[in-house]
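For reference, the structure discussed in these notes is given below.
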Amino acid sequence: MATAFAPTIYDEFYVSGGWRYSTVREWLWHRKNLVKRFDLPRGLRMLEVACGIGFHTNLFCRMGFDCVGLDINASGIEYAKKKYPKRTYVHADATTDLPFDESSFDIIITRGCSLYHYDLAGETAVGLTRNLMRYLKPGGRFILIIATDCSGRRPSDNIWQNTLTDYRNHFERFDPDCTVDWYCGLSISSAQKKQ
Ligand SMILES: C[S@@+](CC[C@H](N)C(=O)[O-])C[C@H]1O[C@@H](n2cnc3c(N)ncnc32)[C@H](O)[C@@H]1O
């Protein structure tokens, strides 16, 4: 399925290094809100979708996970491969067939993936999640971290501020037991796929 998102939109930004994350801050946040919260043991195979310049893929590897990063933006992937040569990064559109075995990841995680900022009931976002679910092992977990003020505003010239119900309705299509909540200015949605 083709995506309406322009893959080159982040080109200039990524060539200059993208967001300047604090390693300590990101480590502490993800240890508390990801690793401890979901009780994730070291060694899990993880796919980070929309990894941008690869910072968090590298962080997740340093935290003990076997993480692969994937993004549609070629500049981001090129930057990631140079900056973190020991890690694996793949240039691909997450709405299409991916170069992985199906049912091969324990965790699929995505932080701020552009397609989850717009119409969650639309074909693009639904198709994206449906496609990604193919690569999750039975019993695996899908985790979305996304910024929204939960107001439901849908500006025509900016990202949508989807509500938690919008996210719940989206993920319930795939897993009626998904959890959707809001924490410290970021929402996390996680779905435990059924055996
Ligand atoms: C807001 S950035 C987030 C980057 C990174 N996750 C972070 O937290 O710094 C959104 C990312 O989604 C990626 N993206 C958008 N559509 C995609 C798709 N269909 N497949 C893979 N990546 C996609 C963009 O290229 C961009 O790198």
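The values are calculated or read from the model by the stated rules, or taken from the named source; none is laboratory data. What you see is a predicted model; the values in this text were computed from it and never measured. Don't worry about glycine lacking a Cβ; one is built from the backbone with ideal geometry, like all the others, and counts go over all protein chains shown.
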Got a number for residues in segment 93-121 being outside any loop (DSSP other than H, G, I, E, B) and polar (S, T, N, Q)? 2
Can you go through Thr165, Thr124 and tell me which one is part of a helix (DSSP H, G or I), among the polar types (S, T, N, Q) and exposed (fewer than 15 other Cβ atoms within 10 Å of the Cβ)? Thr165
Residue hits (segment 13-25; surrounded by 12 or more Cβ atoms within 10 Å (Cβ to Cβ) and out of contact with any helix residue (DSSP H, G or I) (no Cβ under 6 Å at 6 or more places or on another chain)) are Phe13, Gly18
When segment 127-147 is checked residue by residue, the ones that are within 11 Å of the ligand (Cβ to nearest atom), part of a helix (DSSP H, G or I) and crowded, with 20+ Cβ neighbours inside 10 Å are Leu128, Leu132
Tell me the helices (runs of 4 or more DSSP H) entirely within segment 1-82 that contain at least 3 residues that are within 13 Å of the ligand (Cβ to nearest atom) and farther than 24 Å from Pro99 by Cα. 11-15, 23-30
Does Val49 count as in contact with a strand residue (DSSP E or B) (Cβ under 9 Å, 6 or more places away or on another chain) and among the hydrophobic types (A, V, I, L, M, F, W, C)? yes
Residue satisfying all of: in segment 81-98; without any contact (Cβ under 8 Å) to a residue 40 or more places away in the chain and more than 14 Å from Glu48 (Cα to Cα); surrounded by the most Cβ atoms within 10 Å (Cβ to Cβ) among these: Tyr84
Failed item, numbered, when Gly112 is tested on (1) at pLDDT below 95; (2) surrounded by 17 or more Cβ atoms within 10 Å (Cβ to Cβ); (3) within 12 Å of the ligand (Cβ to nearest atom): (2)
